[in-house]
1. Could you sort 321, 650 by accessible area so the largest value comes first, with the probe set to 1.4 Å?
2. Taking the chain as the reference, fit the longest principal axis to its C-alpha atoms, fit the long axis of helix 351-374 to the helix C-alpha atoms, and give the angle between the two in degrees, 0 to 90, nearest 10.
3. For the range 281-290, take each phi angle, set θ = phi - 60°, evaluate the Karplus expression 6.51 cos²θ - 1.76 cosθ + 1.60, and give the result in whole Hz per residue in order, putting x for glycine and proline.
4. Among 441, 474, 460, which residue has its Cα positioned farthest towards the positive end of the charge dipole of the range 427-494, with +1 placed on the Cβ of Lys and Arg, -1 on the Cβ of Asp and Glu, and the dipole taken about the Cα centre?
5. Could you tell me what percent of the accessible area of the range 56-105 is made up of carbon and sulfur, with a 1.4 Å probe and every protein chain present?
6. List the residues whose amide H sits under 5 Å from the amide H of residue 633, counting only those 5 or more places along or on another chain, with H placed 1.01 Å from N in the peptide plane.
7. With θ set to phi - 60° and the Karplus curve 6.51 cos²θ - 1.76 cosθ + 1.60, what are the ³J(HN,Hα) couplings of the range 193-207 in order, to the nearest whole Hz, using x for Gly and Pro?
8. Tally Lys/Arg at +1 and Asp/Glu at -1 over every other residue whose Cβ is under 14 Å from the Cβ of residue 620; what's the total?
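The values are calculated or read from the model by the stated rules, or taken from the named source; none is laboratory data. Keep in mind the model is a prediction, meaning the values are calculated, not measured. No Cβ is skipped: glycine too gets one built from the backbone with ideal geometry, and neighbour counts run over all protein chains shown. Please note that ligands, DNA and RNA were not included when accessible areas were found on the heavy atoms of the full protein model with its side chains. Shrake-Rupley method; radii C 1.70, N 1.55, O 1.52, S 1.80 Å.
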Amino acid sequence: MLEQLSSVFFDEANELLDNLEEQLLALSDNNGDPETIAAVFRAMHTIKGSSAMFGFNEISTFTHEAESAMDQVRNGVIPVTPELIDLLLKARDHIRSLLDAGIEVSEDVHKLSESLILEFKVYVQSHGGNAMETTSSVKKIEPKKDSDENTSTWRIKFRPSSTIMQNGTRPELLIKELTEFGTATVVPFYNDLPLLSEMDSELCYFSWDVILTTTKTKNDIEDVFIFLDSESKIEIEKIDLLPGENNKIGEILVSRKDVSQDDVDEILKAKKQLGLMLVEKKIVSEEQVRSALAEQQHLKSLDSNGQVQSPSSSATLRISSAKLDQLVDLVGELVTFNARLDQEAIKNDNVTFKNLSEQCDRIAVMMRDISMGLRMVPVGTLFQKFKRTVHDLSAQLGKKVEMVTVGAETELDKTVIEKLNDPLLHLIRNSVDHGIELPEARIAAGKNPTGTVTLSAKHAGAFINITIKDDGKGLDKAAIREKAIQKKLAKPDDNLSDSEIFNMIFQPGFSTAKQVTSVSGRGVGLDVVKKDLGTLGGTVTTESEPGKGTSFILKIPLTMAIIDGMLVTIGTVTYIVPLNTISECISSSISKEQMEEDFIVTRNHGKDLKSVNLRKFFKIAEPLPDHQEIVSVYDGDEVYGLVVDKILGSQQTVIKPLGPLYGNCTGINSSTILGDGSVALILDIFQLTSMIKNSEKAHEQ
């Protein structure tokens, strides 16, 4: 039990530290924001208290001093400066180190704690604060409230006339408008609802009670019902009962004037269930008790200020990522089993088997979607880490750089995000070091002295595009070309396109830096990017404009576990095309002469469709069938075709990685196991369409 609690402490402490770094970087941009200051203080206070409770006294003692400094910032005693932000970031990193060290820390780590504590005391004293205790005589800066208006809770009884809809009024829309005013509990009554055979679609059989907590006034609520007909009734009454308290049902019924206090006292003396007895004695109706119970729950959900309480921590559940991975693996096994069951059903032409297979397939699809959804996390969790990287690196290089994120809410598989950390780190370091100029150079070029690195993400079908863009000087094509010739990656007379020149920077050991620094110059960064993206089934392209900046565009599949695939055959070999890349399937008559070509052009929807001949590409020697079929695919830019012998149909596909021996197979990025136990290769659409694009450029040149 103690180990489980300690595990929870470590998880929560690491989350708090991640959040603390985010808040500190935000504070460096807006050093007077009271909400951010309060958030930093709360994070430190929580870490201090939790660590003390679990026996991490070193963390508790160290964090106390940083917390004291933030308390004086919160009280307006000392200012927020870049020096303090750097000191707090160092403290945050040290707390992380102390967490890794555990309860027993070494003498060197303890000395570092004392050194940082001394730095905090010196900073506080040098800025007019008290290093030993907080100053209570100064007015505390409280975080701003969402609203300065007072909230009230109203009891609204809406009894529409039976003919209200005949004059065009929609009563359900009036209820919806009320719920938009604040926190509402809606209790519908439908005791007057007749049998379906006796129902008139033009009449209204419903009525409602609404308990509404809002900053709106009674007049605002009345305005919602301003166009009611004369027969409809509306009662609006302010509730004086205390929110957040355990209001008894009898008190609520008396407050609503549904029952007298004497009746309540009489039943309470009998020690019987109040609501049930009141209904049995026909003092109140079942509807009135139900509405009172709803009001009781509504008031209980409010705090003492009439605000809706935040959901308790029990609303969420922490699950080990290893267990999630195991769940996805088991779903993958279920998908493979179902494929085999489906194959046996077709083979034996067994109706029962077919029905069972279809039912199993539906369950497998739902389980797949749920399990994959559990592993989807916003890329913002990854993006946020790099703000610190940019902050530290720009200070180290003497540059002014800010990082902007776009589309941080875009979701991606957890396993993909974990493998994106290193590629993005290298690209961001490259943008800050090579791309962004020094402030003096930017001013001379007529730019803002502060450079910008933009990290953005957006969905593109079954893929996600992540772009790292800087507004720096751009890539030097001449220098890259010269370096490529020196390293014998190109010949002096080669007619290279811009994209081919830019792709040279991803070669191992390639660097145009004139001297090696602690940040770059050894040429061991961007080749790692290309290699790591290759293992993900992704690609990277580069765009650059002199004086305007450089963009690295990463195209990555959303998941690496289970996909829907289209089975195709070429000769006797089965391949799989990811279903979410397919635009359409085309039955086309291609001549034998055309089938001798690597690339084939056909007409589709009045336009030329250029396709890669997979039979030639994979060197399939089996006899040519009577006709071929084309699978048109969309790679995020254009539509291209894949010429195959036959399209078999769609199937759920469990992705199995290829071994290291097959890691560089062009046109293939992974494999899967079919229902009969055979292996099918999954086509790499990006590599195949890239071949078509390169052939087009070569033809133009």
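1. 650, 321
2. Tilt relative to the chain: about 80 degrees.
3. Residue by residue, the range 281-290 yields 7, 6, 6, 10, 8, 4, 4, 5, 5, 4 Hz.
4. Selected residue: 460.
5. C and S atoms contribute 49 percent here.
6. Amide H to amide H, under 5 Å and 5 or more residues apart or across chains, residue 633 pairs with 583, 640, 641, 642.
7. 5, x, 5, 4, 5, 9, 7, 10, 5, 8, 9, 9, 10, 9, 9
8. Computed value for this residue: 0.
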